[in-house]
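Here the structure is laid out as structure tokens; the discussion comes afterwards.
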Amino acid sequence: MKFQRYILILMLALFPPGVSHASVAMTLPQYVSEILLNNHSLRAGMKNVEADYYSVLASVAPQRFSTAATANGSYVTKQQGESNVFVGSLGLRLTQRIDISGSYTLNEKQNILGYEVTRANFDSNINSLIAAAEQTWWSAVLARENMKLQKEILLQRSENHRVTMEKYNQELVPRLDIVRSEAQVVDAEATAKTAETTYLNLLAELSLMAGGLDVEPVDEELKVPAFDVTVNFEEALEYRPDVRAARLTLERAKLVKKLTAKGLSPTLDFGFQFTAWADPEAAATPNNRQAGASLTLSIPITDGKETKYRVLNTDRLIQAAESNLEALKESTRRDITVAMNNWRNAAASEQDKQRQVERAEEELRITELMYSEGMGAQIDLINAQTAYQAVRTEYLDAIRGMYVALVALRQALGEYAPDENGDWKEAVKRYGKGNDVLGELGLKTLRTNSVKQR
């Protein structure tokens, strides 16, 4: 993809995972790095991919020689005065099934594709996890701004209540004004407490995704996000890991069908055996210090129609995989369209709410001035305060909607997932290198966009 998100080069190698319970202020890239290092669900997924990796290596074992050392002995008693006899032998046996139908190649490919499907699903989990983390991050940032706003409004209403009390003591306003201003203060206190609780709950969500590390977004100036995403549906189909997993599943299903169709294929088994010691010499076959080799050809004639029905089974699985792939393509188009619509709506709402905030601030300033000078009614002040609070809150919601829409769009494009093509030929090359499995998962080569300071 064109954009890079979250620089993680050598992060896993240089910083071992750990858990800290001290509250730490972080930037978004730092927080994402903590998730990739310490998220327990993510690490469990990594181990599942590793398990499939070794399962593929184990699946090719039948292609190699099988060796075994053999030993047997028996003690035979003889009748009619003859002496008892000990019979024993030691030997070495090698066996190998020779692939004359091409099954080994198909089986190896379908097992490797199964590994690639698991890895693609793991990449999809990364895509979803990082998107959820960034959405929660921006929700927390906006929740903190809202908490500051509500505390600011509480201070305003407390000051207005103080002014009202002075006027009441001077017998300039009735008792009703005191009741109203006090109710406004109580309402602002409750709203501020709710805003604080929402922020703390979001911090708990951030901590959960970071493996228990207590974090909070670094306190910096909030900026309106700019649209910095290149939308390309074809690239989304190429890079979205869930689409790649569906495409690999379809390819694997076709290979499984070919492999299943070979259920009645002939088999050829090679055997070699050497008897190192036998007493008496004819107690084993081959005899003492002799070797023997064999080839056994087996041609199946009938299997009770098992192969026929298994082929039909795999054929239906192919059809299901084809439909699932098409469904994911359509859902990808839907996700991109919805995210774009939500962005346009949030961007338009932000501009509208910004103008409303400017008008509400001016109205509140004039109303407060008139009330303090005894030229305005308290009900006008309360209405101005309520309108100001509502429009400021709605403005923050609009900015949050812009961030959330951008995250959803990036997720729909698969930008949070590692950059992997899922080619089984490349997987075969990786198997022969003996490198660290975690490195092979692609976490060190995540397609990382640099997070723009907002």
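The values are calculated or read from the model by the stated rules, or taken from the named source; none is laboratory data. Quantities reported herein were computed from a predicted structural model and do not represent experimental measurements. Methodologically, a virtual Cβ is constructed for each residue, glycine included, from the backbone with ideal geometry; neighbour enumeration extends over all protein chains shown. For accessibility, only protein heavy atoms count, side chains too; no ligands or nucleic acids. Shrake-Rupley method; radii C 1.70, N 1.55, O 1.52, S 1.80 Å.
Observations, loosely collected:
- Rounded accessible area per residue of the chain, 1.4 Å, Å²: 53
- Rounded to 0.05, the FRET efficiency of the residue 204 and residue 166 pair, given R0 = 45 Å and the Cβ-Cβ distance, is 0.60.
- Anisotropy class of the chain from Cα gyration tensor, a/c 1.5 cut: prolate
- Rounded tilt (10° steps) of 28-38 against the dominant C-alpha axis of the chain: 30
- Here's how it looks for residue 376: its modeled amide H is under 5 Å from those of 371, which are all 5 or more places away or on a different chain.
- Long-range HN-HN contacts of residue 70 with modeled amide H, under 5 Å: 91, 92, 93
- Nearest-20 debye value, region 266-327 charge dipole, Cβ charges on Lys, Arg, Asp, Glu: 100
- With Cα atoms, 0 to 90° folded angle of helix 378-413 axis to the chain main axis: 20
- Gyration tensor verdict on region 289-337 (Cα atoms; rounded if a/c is under 1.5, prolate if a/b is larger than b/c, oblate otherwise): oblate
- Cβ-Cβ FRET estimate between residue 24 and residue 193, R0 fixed at 41 Å, reported to 0.05: 0.95
- The peptide list 226-236, 295-305, 55-65, put in order of mean Cβ contacts within 10 Å with the highest first, becomes 226-236, 55-65, 295-305.
- Lysine pair count for region 251-358 with Cα-Cα distance under 30 Å and sequence separation of 8 or more or different chains is 12.
- Crossing angle, helix 40-59 versus the chain [Cα axis fit, 0-90 degrees, rounded to tens]: 20
- The apolar share of the surface of the chain, taken as the fraction of accessible area on carbon and sulfur atoms (1.4 Å probe, ligands and nucleic acids excluded), comes to 53 percent.
- In this structure, residue 159 and residue 330 have a Cβ-Cβ separation that, at R0 = 60 Å, corresponds to a calculated FRET efficiency of about 0.60.
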